[in-house]
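Following: one structure in structure tokens, then a few remarks.
The values are calculated or read from the model by the stated rules, or taken from the named source; none is laboratory data. Computed from a predicted model, the values in this text were never measured in an experiment. With ideal geometry, Cβ positions are generated from the backbone for all residues, glycine too; neighbour counts draw on all protein chains shown. Accessible surface is based on the protein model in full, side chains and every heavy atom, while ligands, DNA and RNA are left aside. Shrake-Rupley method; radii C 1.70, N 1.55, O 1.52, S 1.80 Å.
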Amino acid sequence: MNQHVDSTAEPEGAGPKPEVAKDSAKPADNDSVAPPPPPDEEPAPEAREAIEQLFALAPHLRPGRANVMGDTRVSGDVVAGDKRVDVHLHENPLPRLHTVGPLPTAELDHLAETFAPNRRYDELHGELTDQRVLVMRGRRGTGRRTAALRMLMQAGPKAGEVIALDPGTESVDFANHVQPAGAYVVVDPITSQDGPLRDIHLNAVRHRIGDDGLFIVVAAHDTVMEDVTVHAWEPPPAADITRAHLLRAIRRTMADGPSDAATAEDKARRLLKLDQAVAYLAVGPSPREAADFARLLMEYAAGRCDDEELSGYGRISAEEITNRWFGEGHQSDRVTLRDKAFLVSLAVFDGLPYPLVAELGDLLYVRLRAVEEPDRAPGYPVFGPSPADRLTLARAQEYDDETSTAWGGLTERVVAFQNSSHWSTVLRHVWTSHPAVRGPLLAWLDTLVTDRRVFVRLRAAVASGVLAAADFGYAFDNFLNQWGSSPSPMQRQLAAWALYTAAEHDADSAVRRLLSNWSGRHDPARRWTVARTYALLGGATAPSALRDIGRMAATGSAPDNALRSALEQALEVLLLGPAAVAALEQLVQWHEAQGPLRELAAAGFLRGARRRHYVVDDRTTTWPRLLWLADRGPAARRYVVVMWRALLADRSQREAARAELGRWVRVAERASMNAARHRAFLDGAPYEEAGRYDVVSDVESALGDLLPLLVRTRNDYERLDFLLRRLDPSDGVRSATLARLRAALANSPTALPGPL
């Protein structure tokens, strides 16, 4: 199967240390225009570069990257050298930021094979079948969304798709986003006292979907409702979830046969009877943790995990381990304050070199000790615990890995928690269970976010995002609002990274509310932060992103250059992701209007036209991203054609459009030349003889199909033909690709006969 990979921006080079003003006071929450940054302020990376930095420098975040990376997905690591890898803990088969729109078949198939029903599920399934509209409420992380999807799959039409509505959709508009006989789910809709979910909204949906449609609202306890019948969700036992995932994994390793089902049941039963499994499942892990434990049991069964590793993970949960680290138990069991600071530092810099983790941990230790022993002189012992002892305490592993530096990739010895959930567990625990830590921890993070090193700033922002997910109101008052409204572009980028991380750690509803609120303000700094955050969130929030981007462009004072560029870059990223077709449709609608929306649509489309899309098969083929989309779907093709026609006919955009279309021609030309060289290689011909192979690449064929669609009048034809003739080499050697494209253009309905 071909692997499709989107292009990336150039990595950020080493830059000067940003001069960021430190102000511990809570900033005023007003709409005043932020002053310009100091002239020596380090510029923030472009949106695409900020995305690449996030996932290159914080791989421990490990999100479902399809939201922002188009067709790219990240799987588990492979073993190289003496690097130790726990694939069973590090892989996350499904994204945490959920898809909006039709749900992928792979996700639904995975769910069908691993779902563990219980009595409460059966009751809710019966309620949905009778009423067609259901509101179920439960705590996040208890499998409530999974249960809702399974209900829609079982009660809905055979082979019918399940569609997820954007939580940012207002309740009053739910009925406008559903179709008769469809199956829909909305998770944690954004409601308020002024805009609650009402029974009248659900009745409108029920009327719209008809007798064959289904609609489920998955609500959290903070969802505001009026006169709505709510059904509580109760998750199945953790052992049932682990068993379901075990059965799926076992069956996938076995050949089909009449006795396979019984054999799989027997293997799963024996694994679940292990003492380590019984002890771990008895502590009541979350559904996600129970699924992870099933993968660990499979590693144990395959001999890739021993008894010690299994008992180390299965004896007690990550939460209990963390409680023991930071609690004050028996004196013999106490972890020193310096080691606790090291654990927090490791949580922030998981996967980075030990000396860095230890050095920055000691800086935190000094601040913590100043709270614990204010009369004691500052400082710490030069020699402390050995790295081996510290890593044993932290249940961490050390391995060789290549890290990105200003001098290229360097192999370094790095350290990371064995359990990939531990880094976020530690941060949440110290933030919520030990309030005295908050002051020194924030002061420490404040020094990190002004560090000269990009990866230190970024990791501090990611850690801050986890803290924000644990207590969003406190985080907003103490750093999110300050960063998001700062005159410093880098601090605003920190806010975007932190907000993305908070959304990834189950605070997506709060993040969406904040973005919607800030997009309605007339503060350019906050609006810039909104645009950058939506660029990171990508396809997971596309409907809300497009709505708010349009609002920021069309309301208030005209965007300054920085904000205008941020809006354009956010559109560019959306055009690279899974919501590209929806973004193209919105651009077409905006371009039909006058004013700033028309200008934004043109700029966003041309930015997207510059991006490349790499298709990896037996060789790598470079496509213009929008041409690749147009070649694979009629809707995308229609929108691309409409935009090219409009831009080529617009005097203010015509030259820019011609330049970008000319680049498409050059890409097609190179693709055909590379295909000819590949053919020569397969035939054993000399490299220099590739020119004798008349090969038409897929890229050229797609462009040859597209160009005639851009012609509506004789003038259109002549302008495009002139563009192609102008691209011919001046040395008299005609390009075969250009000749074929001109021939295809001449076959357009409005082209008149004439010499080429």
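Residues of the stretch 648-666 with amide nitrogen under 16 Å from the 7 Å Cα-to-Cβ point of residue 594? From the stretch 648-666, the list is 651-652. Under 5 Å between amide hydrogens, built in the peptide plane, is the criterion, and for residue 612 it picks out 7, 625 among residues at least 5 positions away or on other chains. In sequence order, what are the phi-derived ³J(HN,Hα) couplings for the stretch 100-115 according to the Karplus relation 6.51 cos²θ - 1.76 cosθ + 1.60 with θ = phi - 60°, rounded to whole Hz, with x for glycine and proline? Karplus values, whole Hz, x for Gly and Pro: 10, x, x, 6, x, 4, 4, 5, 5, 5, 4, 5, 4, 7, 10, 6.
Shape verdict for the stretch 385-467, please, from the Cα gyration tensor: rounded (a/c under 1.5), prolate (a/b greater than b/c) or oblate. Could you put the intermediate results ahead of the total?
On the way: a/c = 2.11, a/b = 1.20, b/c = 1.76.
Because a/c hits 1.5 or more and a/b fails to exceed b/c, the stretch 385-467 counts as oblate.
State whether the stretch 366-522 is rounded, prolate or oblate according to the following rule on the C-alpha gyration tensor (a ≥ b ≥ c being the square roots of its eigenvalues): a/c under 1.5 gives rounded; otherwise a/b larger than b/c gives prolate, and the remaining case gives oblate. Prolate shape, in that a/c is at least 1.5 and a/b is the bigger ratio.
Semi-axes of the equivalent ellipsoid of the stretch 94-235 are 21, 17, 15 Å, computed as sqrt(5λ) over the eigenvalues of the C-alpha gyration tensor in descending order. Karplus-derived 3J(HN,Hα) values for the stretch 429-439, using 6.51 cos²θ - 1.76 cosθ + 1.60 with θ = phi - 60°, are 5, 5, 6, 9, 9, 9, x, 5, 6, 4, x Hz; glycine and proline are entered as x.
May I ask you to order 597-608, 468-479, 524-535, 200-211 by the average number of other C-beta atoms within 10 Å around their residues, highest value first? Can you show the working numbers first?
On the way: 597-608: 22.8, 468-479: 19.7, 524-535: 28.7, 200-211: 16.7.
In descending order of packing, they fall as 524-535, 597-608, 468-479, 200-211.
Projecting the Cα atoms of 570, 583, 555 onto the charge dipole of the stretch 539-596 (Cβ charges, centred on the Cα centre) puts 555 farthest toward the positive pole.
Per residue, how large is the accessible surface of the stretch 554-695? Use a 1.4 angstrom probe and give square angstrom. It would help to have the intermediate numbers written out before the result.
Numbers: 6370 Å² over 142 residues.
The answer is 45 Å² per residue.
Shown for the stretch 620-732: the carbon plus sulfur share of the solvent-accessible area, taken with all protein chains present and a 1.4 angstrom probe, equals 48%. Listed values for the stretch 626-640 are Karplus-derived 3J(HN,Hα) couplings in whole Hz (6.51 cos²θ - 1.76 cosθ + 1.60, θ = phi - 60°), namely 6, 5, 4, 5, 5, 6, 10, x, x, 5, 4, 4, 4, 5, 4, and x replaces Gly and Pro.
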